[in-house]
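Input: a single structure, listed below in structure tokens.
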Amino acid sequence: MIKRDGVIPLNSKLKKAYLEGGLDLILNRAKDRLWRTNSAWWFWRDLQTPILQFDAPFQFSVRQDRRDEILHYMKGKKYLSNDEERVAEEHGHWFLGLFKGQEVKGFCKCGFKKVYLYDVKEILSLPDGLGFIYEYEVDEQLRHKGIGKVLITSVLGMLAEAGWKAASCHIPKRNIASIKVVESCGFKKIGLVRFVEVLGHKWKSRDVEDLLAQGVKN
């Protein structure tokens, strides 16, 4: 409907987007609704094999007991969606914080049983005994110092100690730096999965749950 003065009224979501980022943000969001695509490598690691230890350039701790601070850090950096948090609460996921002194300087999300994958907006069922690292981050000021490897190996050690048999993760093909981190921590590629969504219709080059089931068998 067009008003008498010729102005088309915007609904609340469009108006909010326009105020936040102008026409560019509206167009980018429209593009995401019409077309989305990504390709990610999927990785597997047997937790019954030795876990390497890396030297850290400072004293640190990886912990989950200060959950409110960890959640505040993730949400402040837009690293946690409502769907992720809901599924995490239902299935006892770990939200681990990387602490330098008393400050959160990174995080790692570990999922069990089911996990919401933000990049494809679907819930993934995980095999028994598998801990899934579905996202991690190190503060910008601490990158390129080997902290990513220290964080991931610390998490792997915690998973192994808690009785999990294997760990998995997936990383976009273009994220070479993170791929190098997880491979240095003992992860092996088990498959590349391509994802495309056009007008709400989704297509994947292979079934991820089947891929993970194959990892269990092998």
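The values are calculated or read from the model by the stated rules, or taken from the named source; none is laboratory data. Since we're looking at a predicted model, the values are computed, not measured. When we count neighbours, we look across all protein chains shown, and the Cβ atoms used for this are built from the backbone with ideal geometry, even at glycine.
Below is a table of values for the structure above.
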read-out	value
Residue in segment 145-165 that is among the polar types (S, T, N, Q) and farther than 16 Å from Cys108 by Cα present	no
Residue that is of a type in the set (Gly, Ala, Ser), farther than 19 Å from Arg86 by Cβ, over 13 Å from the mean Cα position of the chain (by Cα) and surrounded by 16 or more Cβ atoms within 10 Å (Cβ to Cβ), where the choices are Gly129, Gly148	Gly148
Subset of segment 137-179 (residues that are of a type in the set (Asp, Glu) and either touching a Phe, Trp or Tyr at 6+ places or on another chain (Cβ under 9 Å) or farther than 24 Å from Leu47 by Cβ (or both))	Glu137, Asp139, Glu140
Residues located in segment 166-175, provided they are modelled with pLDDT of 95 or more and either farther than 25 Å from Tyr73 by Cβ or more than 17 Å from the chain's Cα centre (by Cα) (or both)	Ala166
From the options Glu89, Glu135, Glu140, residue that is crowded, with 16+ Cβ neighbours inside 10 Å and out of contact with any Ser or Thr (no Cβ under 6 Å at 6 or more places or on another chain)	Glu135
Tally, over segment 104-126, of residues that are surrounded by fewer than 20 Cβ atoms within 10 Å (Cβ to Cβ), of a type in the set (D, E, K, R) and at pLDDT 95 or above	2
Residue satisfying all of: in segment 92-115; free of Cβ contacts under 8 Å to residues at least 24 places away in the same chain and charged (D, E, K, R); nearest to Glu140 (Cα to Cα) among these	Glu103
Residue under evaluation Phe187, criteria (1) within 25 Å of Val62 (Cα to Cα); (2) more than 15 Å from the chain's Cα centre (by Cα); (3) surrounded by fewer than 22 Cβ atoms within 10 Å (Cβ to Cβ); (4) not basic (Lys, Arg), criterion not met	(3)
Within segment 190-207, tally of residues that are exposed (fewer than 12 other Cβ atoms within 10 Å of the Cβ) and among the aliphatic types (A, V, I, L, M)	2
Which listed residue is in contact with a Ser or Thr (Cβ under 6 Å, 6 or more places away or on another chain) and not acidic (Asp, Glu), from Phe112, Phe95, Phe107, Phe99	Phe99
Qualifying positions in segment 122-148 - in contact (Cβ under 8 Å) with a residue 40 or more places away in the chain and of a type in the set (Lys, Arg)	Lys145
Filter result for Phe195 (outside any loop (DSSP other than H, G, I, E, B) and at pLDDT 95 or above)	no
